[in-house]
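A.B. asks: This is the structure, below, for whatever I ask next.
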Amino acid sequence: MSVLTLGQIRIHAGSVSQDAALQEATDILVAAGAVTPAYLDAMRQREETVSTYMGNGLAIPHGTNEMKDTILASALSVVRYDGGVDWAGEQANFVIGIAGRGDEHLEILSQIAILFSDEDDVARLNAAATPEDLYALLSAVNEG
């Protein structure tokens, strides 16, 4: 089962608010059949507790454990905002929404963390011109 498909990747030239970014992440995950619309509230609750900004321009919003019942399947949403998103005072260019069944999100998180810990990889991700290019760079997450 692929957690990431081409249809779950978007690139935007501009910037949006953090809440709009959370909404878009949720919309993509809902469209993928991974979560219910209530997952948006789970992600908002998580941000109120602790920011999901990880450094290197990456935010990885995901829901709280209390809202696990809003997750139907494991999936990712990947949105690059070239104008950046103010994420609790930090600038996020990549907002990667994560929905994980059981403990699957931990494996997915570690794959993404590895990718974004390498500055050359981050440069390639930022330089990718199309969703197809981004998908090629991110497809390792499907191999789990």
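A.B. asks: Before rounding to the nearest 500, sum -39500 (n - 2.57) across all DSSP H runs of length at least 4 in the chain and divide by the residue total; then give [θ] at 222 nm in deg cm²/dmol. Show your work: numbers first, answer last.
C.D. replies: Values: 5 runs with 56 residues, N = 144.
After summing the helix terms and dividing by the residues of the chain, the value is -12000 deg cm²/dmol.
A.B. asks: Helix hunt in the chain: which complete DSSP H runs extend at least 18 Å axially by C-alpha with mean Kyte-Doolittle at least -0.5? Display every interim value, and only then the final one.
C.D. replies: Working: long enough: 18-31 (20 Å, 0.38); 104-117 (20 Å, 1.01).
Those that pass (Cα extent of 18 Å or more, hydropathy at least -0.5) are 18-31, 104-117.
A.B. asks: Now a separate question. Across the range 6-13, in residue order, what do the Karplus-derived ³J(HN,Hα) couplings come to in whole Hz, using 6.51 cos²θ - 1.76 cosθ + 1.60 with θ = phi - 60° and x for Gly and Pro?
C.D. replies: Residue by residue, the range 6-13 yields 4, x, 9, 10, 9, 10, 10, 6 Hz.
A.B. asks: Please list the equivalent ellipsoid semi-axes of the chain, computed as the square roots of five times the alpha-carbon gyration tensor eigenvalues, in descending order and whole angstrom.
C.D. replies: Details: eigenvalues 85, 60, 39 Å².
Square roots of five times the eigenvalues give 21, 17, 14 Å.
A.B. asks: Can you give the % of DSSP beta bridges in the chain that are antiparallel, to the nearest 5?
C.D. replies: Numbers: 12 of 19 bridges.
The answer is about 65 percent antiparallel.
A.B. asks: Here's something else I'd like to know. Charges only on Cβ, +1 for Lys and Arg, -1 for Asp and Glu: so what's the dipole of the range 46-114 about the Cα centre, in debye to the nearest 20? If you can, show how the numbers build up before the last one.
C.D. replies: Values: 4 positive and 10 negative charges, 31 e Å.
That gives the range 46-114 a dipole magnitude of about 140 debye.
A.B. asks: Going toward the positive end of the dipole of the chain, with +1 on Lys and Arg Cβ and -1 on Asp and Glu Cβ, which of 6, 99, 31 do you reach last?
C.D. replies: Checked the options; the winner is 31.
A.B. asks: Okay, moving on. Residue 11's amide H: which non-local residues (gap 5+, or another chain) put their own amide H closer than 5 Å, with H modeled 1.01 Å from N in plane and none for Pro or chain starts?
C.D. replies: For residue 11, the qualifying residues are 80.
A.B. asks: Take the Cα radius of gyration of the range 59-106 and divide it by 2.2 N^0.38 Å, with N its residue count; two decimals is plenty.
C.D. replies: Working: Rg = 12.2 Å, N = 48, 2.2 N^0.38 = 9.6 Å.
Output field value: 1.28.
A.B. asks: Still on this structure: Against the globular-protein guess of 2.2 N^0.38 Å, express the Cα radius of gyration of the range 60-144 as a ratio, rounded to two decimals. Each step should come with its number before you reach the end.
C.D. replies: Numbers: Rg = 13.4 Å, N = 85, 2.2 N^0.38 = 11.9 Å.
Dividing the Cα Rg of the range 60-144 by 2.2 N^0.38 Å gives 1.12.
A.B. asks: Continuing with this model, one more query. Among the GluC sites (Glu not before Pro) within the range 47-144, which fall in a DSSP loop and have no more than 10 other Cβ atoms within 10 Å of their own Cβ?
C.D. replies: Numbers: sites: 47, 48, 66, 90, 104, 107, 119, 132, 143; in loops: 143.
Hits after loop and neighbour filter: 143.
A.B. asks: Now for a different question. Placing +1 at every Lys and Arg Cβ and -1 at every Asp and Glu Cβ, with all other atoms neutral, what dipole size does the chain have around its Cα centre, in debye to the nearest 20? Don't skip to the answer; put the middle values down first.
C.D. replies: On the way: 7 positive and 21 negative charges, 50 e Å.
Here the chain has a charge dipole of around 240 debye.
Only the coordinates and a few stated rules stand behind these numbers; no lab work does. Please read these numbers as outputs of a predicted model, since none were measured by experiment. We place every Cβ from the backbone using ideal geometry, glycine too, and count neighbours over all the protein chains shown.
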